[in-house]
Amino acid sequence: MQTPPIHLHQIAYSIATLAAVEPGYRVLDNLANPRPDWYEFWPIRQFLLNEPLDDAAWYGFFSPKFGAKTGLTPPSWTISA
């Protein structure tokens, strides 16, 4: 069985969080933050509505604080082109 593509995104909502995106994540840009009341849901929703999705792939969206809070980092095999 073939491993599905895995696309991990880390949300950047400021210059500081953009600069701190950890290796292994793609940037999910929320610098404009047009809906601050939606917090991290807004950029995730926009991604899902506007990007072509691969039905066979897995997608993950992570807070910039995820690594610090959990001590977890993405494994190198998660990055897909």
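The values are calculated or read from the model by the stated rules, or taken from the named source; none is laboratory data. As the structure is a prediction and not an experimental result, all values here were calculated from the model. Methodologically, a virtual Cβ is constructed for each residue, glycine included, from the backbone with ideal geometry; neighbour enumeration extends over all protein chains shown. Areas reflect the complete protein model, heavy atoms only, side chains present, ligands, DNA and RNA absent. Shrake-Rupley method; radii C 1.70, N 1.55, O 1.52, S 1.80 Å.
Side notes on the structure shown:
- Cut-off 15 Å (backbone N to label point 7 Å along Cα→Cβ of A56), residues of the range 6-46: 6-7
- Length gained on full extension, K69 to V27, computed as 0.36 nm times the residue gap minus the Cα-Cα distance: 13.2 nm.
- Packing, taken as the mean count of other beta carbons within 10 Å per residue, orders the peptides 8-14, 60-66, 43-49 from highest to lowest as 8-14, 60-66, 43-49.
- Of the accessible area of the chain, computed with a 1.4 Å probe over protein heavy atoms only, carbon and sulfur atoms account for 60 percent.
- In the context of the full set of protein chains, residues of the chain present 69 Å² of accessible surface per residue (probe radius 1.4 Å, heavy atoms only).
- Convex hull volume per residue, computed on the Cα atoms of the chain, equals 107 Å³.
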